[in-house]
1. Divide the volume of the convex hull of the Cα atoms of region 152-237 by its number of residues and quote the answer in cubic angstrom per residue.
2. Which of the GluC sites (Glu not before Pro) found in region 147-187 are loop residues per DSSP with 14 or fewer other Cβ atoms within 10 Å of their Cβ?
3. Could you check the spin-label model distance between residue 409 and residue 389? Points 7 Å from the Cα along Cα→Cβ, value in nm.
4. Kindly report the accessible area of region 31-180 per residue (heavy atoms of protein chains, probe 1.4 Å, no ligands, DNA or RNA), in Å².
5. Extension gain residue 141-residue 109, at 0.36 nm per residue separation less the Cα-Cα distance, in nm?
6. Calculate the spin-label point distance for residue 180 paired with residue 234, positioning each point 7 Å from the Cα along the beta-carbon direction, and give it in nanometres.
7. With each pseudo-label sitting 7 Å past Cα toward Cβ, what's the residue 40-residue 197 distance in nm, one decimal?
8. Rounded to the nearest 0.05, what FRET efficiency do residue 213 and residue 84 give with R0 = 41 Å and r taken as the Cβ-Cβ distance? Could you check?
Amino acid sequence: MFDNLSDRLSKTVKKLRGQARLTEDNIKDALRDVRMALLEADVALPVVRSFIDKVKARAVGQEVVGSLSPGQALIKVVNDELVELMGKENESLDLKAQPPAVVLLAGLQGAGKTTTAGKLAKLLKDREKKTVAMVSCDVYRPAAIKQLETLAKQVDVEFIPSEVGQSPVEIAKNALEYAKTHYIDVLLVDTAGRLHIDAEMMDEIKSIHATVKPVETLFVVDAMTGQDAANTAKAFGDALPLTGVVLTKADGDARGGAALSVRQITGKPIKFIGMGEKIDQLEPFHPERMASRILGMGDVLSLVEEAHRQVDHKQAQKLAKKLNKGKGFDLEDLRSQMLQMQKMGGMGGLMDKLPGMGKMTQAVQDGAGDKEVARMVAIINSMTPQERRFPAVVKGSRKKRIAMGSGLQIQDVNRLLKQHKQMSKMMKKFKGGGLKKMMRGMKGQMPPGMGGGGGFPGM
């Protein structure tokens, strides 16, 4: 997401090198480039005009001081305005109401409402520790009810049955009664979508809204519809008292115009963003982190939070103790590290959140990346426990057997063994304070701002 926008903005910044002050003349071309970048990203025209005016008003006359170059000074202004445009800070769901707190999902057909209901149920259950029930009021789309039931089983939350012959309003009413009598914390109500906005659809969803009186009415919209997303959101906002927006399929959109348009046009905060197809790939929307990603500065905070949730801390401590005692880093350890990385969204997901790595993401995904990780795991899975613990025994006929077992070539097995050997050497440096020495050696190679003088904090 935002790849094209990020590229255009970084090129714009380079043009401002050598200037001592941001003036109307020297940022004229830069702002024209920013305007073109936003329009190409499919940001709505009124939003672009307002954004450029605000950036210009704040940037002109700014002294370029300290360690900031003119390009960095402009980027800071653009960053601040992007955060302002997308809503300043994350706004979470307001679930303080008397249980059950009802969350109603609305939107056009194909926007991803049902999948979002499943993802949101998992997020509320795992992170908020809420008891969740889901119900489908979509009696028009074939298999919509079954799809929601499957998702409810997958995330282990309660599913309230409904049938095609029932009235959507009746379904919602019965579900609310069920949630009350079964002490459910949050009831997620999935509604029917249409291919376009029509009066019949709006009347139906208004009736459902009046029946269940939701504390949150979320408009679910496909990020790939660009500025049309903002226009559709406005139509829904006129019919329903929306409390927030969920952007879906953001991983498939290199433009990202919807994220920059929908907040200003609807006046409603973007609360969540879907970053992939997996059931756990729904993230709270943080405008400041998204602005950072747009400008190619990564999203380290989200990466740290993801690591905290996904990494097996007991396993990590066990490995650290093992390395500290001078014991080798074997193939079993390598395999567990690979699996942990896959849990965190794979190589592409990690790179996308690291500062300065955004441009590498596509290369990683297109090249080795996640496919290479999957191949390495397959090779290790084809080994015996003894071979994993003592890689030195893997020779000749063993290599042939492992290659056949994993469906790969002997060259692939050789490559894995070579990579493991290099990693083992590096891991030996962890013993007896070696990690600190290694980090000190890396000082100056990190971007400014990450620890004293470009190194690591406290090193």
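1. Each residue corresponds to 129 Å³ of Cα convex hull volume.
2. 163
3. Each label point is offset 7 Å from its Cα along the Cβ direction, giving 3.3 nm.
4. Accessible area per residue, region 31-180: 47 Å².
5. Result: 10.6 nm gained on full extension.
6. Here the modelled spin labels are 3.9 nm apart.
7. Simple spin-label model gives 3.0 nm for this pair.
8. The calculated FRET efficiency here is 0.80.
The values are calculated or read from the model by the stated rules, or taken from the named source; none is laboratory data. Source: prediction; values computed, not measured. So basically every Cβ, Gly included, is an ideal-geometry build from the backbone, and we count neighbours across all protein chains shown. Remember, those area values only see protein heavy atoms, side chains included, never the ligands or the DNA or RNA. Shrake-Rupley method; radii C 1.70, N 1.55, O 1.52, S 1.80 Å.
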